[in-house]
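One structure is given below, encoded as structure tokens.
The values are calculated or read from the model by the stated rules, or taken from the named source; none is laboratory data. Because the structure is predicted, anything quoted here is derived from the model rather than measured. FYI the Cβ positions are ideal-geometry reconstructions off the backbone, even for glycines, and counts take in every protein chain you see.
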């Protein structure tokens, strides 16, 4: 199963402003995870046209309160995945996430706009795709891809976009 992983898209009205490479990948995926700061229901609708969508609220998603959860635990291809927006400060993150989601093999989060793809405590993979629209202090915007199957994460990568919106804050 091929999964596109997003966070911090910060879009209104649809997904036309997403980089073309990302829009192409959305057309070839089996599922989409969005770790918050979507901003707008039209973006959720547009993403869900491509593949089953699993999304959580971010700190900028007031308009979506009550429509999507604050956190979500799902199973895709036998992999238990936790989805949350804000994983808190870097210091202590591994412990916090392992304690909060003890049964999750993979925790997807956003908020920082800083890509992260590593193993935390007890073999739990921590994955932040960065942002495809607001790179902030990162060299380029980014998103993620996961390959899942037979209860395992078979592949994982953060995809750096060489073109696209590059607003800094």
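Just one of (1) assigned to a strand (DSSP E or B); (2) touching a residue at least 60 places away in the same chain (Cβ under 8 Å) trips up residue 18, so point out which.
For residue 18, the failing item is (1).
Can you name every residue in segment 75-124 that is within 25 Å of residue 138 (Cα to Cα), touching a residue at least 60 places away in the same chain (Cβ under 8 Å) and in a loop (DSSP other than H, G, I, E, B)?
Within segment 75-124, 85, 109, 110, 111, 113 qualify.
Within segment 44-58, track down each residue that is farther than 21 Å from residue 148 by Cα and under 14 Å from the mean Cα position of the chain (by Cα).
44, 57, 58
For segment 21-50, how many residues meet the condition of being touching a strand residue (DSSP E or B) at 6+ places or on another chain (Cβ under 9 Å), assigned to a loop (DSSP other than H, G, I, E, B) and either modelled with pLDDT under 95 or surrounded by fewer than 17 Cβ atoms within 10 Å (Cβ to Cβ) (or both)?
Qualifying residue count for the region: 2.
For residue 33, indicate whether it is within 13 Å of the chain's Cα centre (by Cα) and more than 19 Å from residue 62 (Cβ to Cβ). Steps first, answer last, please.
Numbers: within 13 Å of the chain's Cα centre (by Cα): yes; more than 19 Å from residue 62 (Cβ to Cβ): yes.
Criteria met by residue 33.
Quick one: how many residues across segment 59-68 are in a loop (DSSP other than H, G, I, E, B) and loosely packed, with under 14 Cβ neighbours inside 10 Å?
From segment 59-68, those in a loop (DSSP other than H, G, I, E, B) are 59-61, 66-67; that's our starting set.
Subsequent filtering for residues that are loosely packed, with under 14 Cβ neighbours inside 10 Å retains 59, 66-67.
Result for segment 59-68: 3.
For segment 76-85, does any single residue satisfy the condition of being surrounded by fewer than 18 Cβ atoms within 10 Å (Cβ to Cβ), modelled with pLDDT of 95 or more and under 30 Å from residue 151 (Cβ atoms)? Outline the logic, then answer.
Let us first name the residues in segment 76-85 that are surrounded by fewer than 18 Cβ atoms within 10 Å (Cβ to Cβ), namely 78, 80.
After this cut, where a residue has to be modelled with pLDDT of 95 or more as well, the list is 78, 80.
This time we only want the ones that are under 30 Å from residue 151 (Cβ atoms), so: 78, 80.
Yes: one or more hits.
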